[in-house]
Amino acid sequence: MGLLRPSRISKTDRPSAIIVLILAVLSILMVGSTTISEDGFWTRYTFVQLGSFLIGTVLVLFLVSMDYRVFDGSIRLLYILSIVLLLTVYIPGLGLSQYGARSWINLRFTTVQPSEIVKILYTLILADYLEKHHDDLFQFSGLVKAGLLAAPIIAIVLKEDLGSALAFMTIWLAMVFFAGLSLKVFAKFLAIVCALVPLAYLFMASYQKERISAFLHPNNLSLTGNYQVYESKIAIGSGGLLGKGLFHGMQKELSFIPVQQSDFIFSVIAEELGMIGGIIVIALFSILLLRFMKIAIESKDLYGALIVSGFTGMFFFQVFENIAMTIGLMPVTGITLPFVSYGGSSILSNMMAFGLIMSVRASSRELSF
């Protein structure tokens with residue numbers, strides 16, 4: 001039948017696709033609003049965002065047309081590739097530091113964040129391993145082995161960016177639980193992890209420690225991140241119920257909101273579209289995550305279910321962390337709002353994850369007919 005079967009596209013989850021389309025349109029509008037200039041709405045940022053979604057759509061169609069099990073059994077290759085990609089940021093002349101984190105590579109015509117690509121590979125690696133060793137999770141040693149598999153990748157990411165490392169940890173946690181982790185075993189594991197947290201803190205970069213300190217002392221505006229959160233809260237509060245209108249946010253216009261096209265884009269949404277707009281965005285994400293959970297439960301095999309559960313955990317954490325940090329409920333990190341924040345690497349990663357989820361859905365639908 002061939003590697004690609006375009007007929008599978010009709011078996012994807014339409015409500016999920018519609019929500020992603022709505023978020024994509026919102027993204028282009030909000031990125032345009034935050035970067036609008038005298039030349040008009042269409043700036044380099046809006047063109048990059050539109051281009052990323054178009055390329056991402058092609059990737060989604062390709063992944064849906066392909067059976068996701070083609071990646072099954074490639075754990076060693078994907079693992080080596082993940083490590084190599086993460087280490088490219090340390091190559092002189094190629095690695096690039098932005099916002100205090102060395103997480104990008106400079107390709108001259110654009111910058112790429114390798115950890116975004118590795119999120120996809122990492123989820124496939126864990127799905128492969130946990131499908132074959134899920135019975136081991138009833139033993140403490142089995143959970144430790146699953147942790148040791150993920151540890152090198154998480155350690156490298158932690159060195160580069162705290163927010164991304166937390167996302168990787170959430171993916172692992174979501175997948176081991178879905179694979180059938182014993183709560184008794186997890187309790188023992190959690191106790192050890194908590195005991196090791198102070199040790200992990202010692203290995204954090206200075207800017208990562210500053211962000212944690214800022215979160216613990218929110219009223220000290222001299223600490224990194226607190227002033228940004230303060231301005232973000234003003235923007236969100238000033239939007240009121242219905243907002244100031246698209247393109248008319250004053251906090252945004254005066255550039256008081258930091259990294260407004262990316263990390264703090266939800267602040268701009270709340271200022272310009274109001275509390276109603278913010279609630280609608282949260283509702284869309286909630287429905288999307290519930291659809292993903294349904295796809296995981298209905299998956300024809302554990303491998304596909306694990307892939308979907310991992311990406312669902314990833315999206316949940318990113319949505320929660322991004323929105324929560326704008327109102328001071330979580331430390332400020334470089335986590336973007338999925339499908340909405342500006343960034344080619346982020347958009348392509350999100351679209352690839354969505355494509356694999358839809359591939360699992362299409363396979364389940366094929367089985368039911």
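Only the coordinates and a few stated rules stand behind these numbers; no lab work does. Since this is a predicted model, take the numbers as computed values, not measurements. Using ideal geometry, Cβ is built from the backbone for each residue, glycine included, and neighbour counts are taken over all protein chains shown.
General observations
- Charging the Cβ of each Asp and Glu at -1 and of each Lys and Arg at +1, and nothing else, the dipole of the stretch 1-160 about its Cα centre rounds to 200 debye.
- For the stretch 224-283, the relative contact order is 43 percent, taking Cα pairs closer than 8 Å that sit 6 or more residues apart in sequence and dividing their mean separation by the residue count.
- Segment Ala155-Ala17, extension gain: residue separation times 0.36 nm, minus the distance between their alpha carbons: 46.3 nm
- Estimated [θ] at 222 nm from DSSP helical runs (n ≥ 4, -39500 (n - 2.57)) normalised by residues in the chain, nearest 500: -23000 deg cm²/dmol
- Here's how it looks for Lys300: its modeled amide H is under 5 Å from those of Ser364, which are all 5 or more places away or on a different chain.
- Normalised by the number of residues in the stretch 184-291, the mean separation of alpha-carbon contacts (under 8 Å, six or more apart) gives a relative contact order of 21 percent.
- Which listed pairs, of Lys119/Lys188; Lys132/Lys184; Lys132/Lys300, have C-alpha distances above 19 Å, in listed order: Lys119/Lys188; Lys132/Lys184
- Rounded, prolate or oblate (a/c below 1.5 giving rounded, otherwise prolate when a/b exceeds b/c) for the chain by Cα gyration tensor: oblate
- Computed extension gain for Thr88 through Met204, at 0.36 nm per residue and net of the alpha carbon distance, reaches 39.8 nm.
- Measuring nothing but how far apart in sequence close Cα pairs (under 8 Å, 6+ apart) lie, relative to its length, the chain scores a relative contact order of 26 percent.
- Shape call, the stretch 41-87: gyration tensor on alpha carbons, a/c limit 1.5: oblate
- Förster radius 25 Å - calculated FRET efficiency between Asn220 and Thr111 (Cβ-Cβ, nearest 0.05): 0.20
- Here the extension length gained between Ala283 and Ala191 equals 29.7 nm, from 0.36 nm per residue of separation less the Cα-Cα distance.
- For the stretch 129-137, 3J(HN,Hα) per residue [Karplus equation, 6.51 cos²θ - 1.76 cosθ + 1.60, θ = phi - 60°, Hz, x = Gly/Pro]: 5, 5, 4, 8, 10, 5, 5, 5, 6
- From phi via Karplus (6.51, -1.76, 1.60), per-residue ³J(HN,Hα) for the stretch 276-282 in Hz, x at Gly/Pro: 4, x, x, 5, 4, 4, 4
- In sequence order, calculated HN-Hα J values of the stretch 241-250 (Karplus, 6.51, -1.76, 1.60; Hz; x Gly/Pro): 6, 10, x, 8, x, 4, 6, 10, x, 6
- Residues whose placed amide H lies under 5 Å from that of Thr111, excluding near-sequence neighbours: none
- Top positive-direction residue, dipole computed over the chain with Cβ charges, set Thr123, Phe178, Leu23: Phe178
- For the stretch 99-148, the list of chymotrypsin sites (Phe, Trp or Tyr not before Pro) that fall in a loop by DSSP and count at most 12 other C-beta atoms within 10 angstrom reads Phe109.
- Pairwise FRET efficiency - Ile234 versus Leu77, Cβ, R0 = 56 Å, nearest 0.05: 0.70
- Cα-projected label distance for Glu253 with Met275, points at 7 Å along beta-carbon direction, nm: 2.4 nm
- Cα gyration tensor shape of the stretch 76-169, rounded if a/c is under 1.5, else prolate or oblate by comparing a/b with b/c: prolate
- In this structure, Lys300 and Ile327 have a Cβ-Cβ separation that, at R0 = 35 Å, corresponds to a calculated FRET efficiency of about 0.30.
- In nm, spacing of pseudo-spin labels at Leu4 and Ser37 (7 Å Cα→C-beta vector): 3.7 nm
- Look at where the Cα atoms of the stretch 315-369 and of the stretch 91-138 average out, and the two centres are 15 Å apart.
- Spin-label pair Leu290-Arg102: with each label point 7 Å from Cα along the Cα-Cβ axis, the two points sit 4.5 nm from one another.
- Charge tally in the Cβ shell below 9 Å around Thr326, where Lys, Arg are +1 and Asp, Glu are -1, Thr326 excluded: 0
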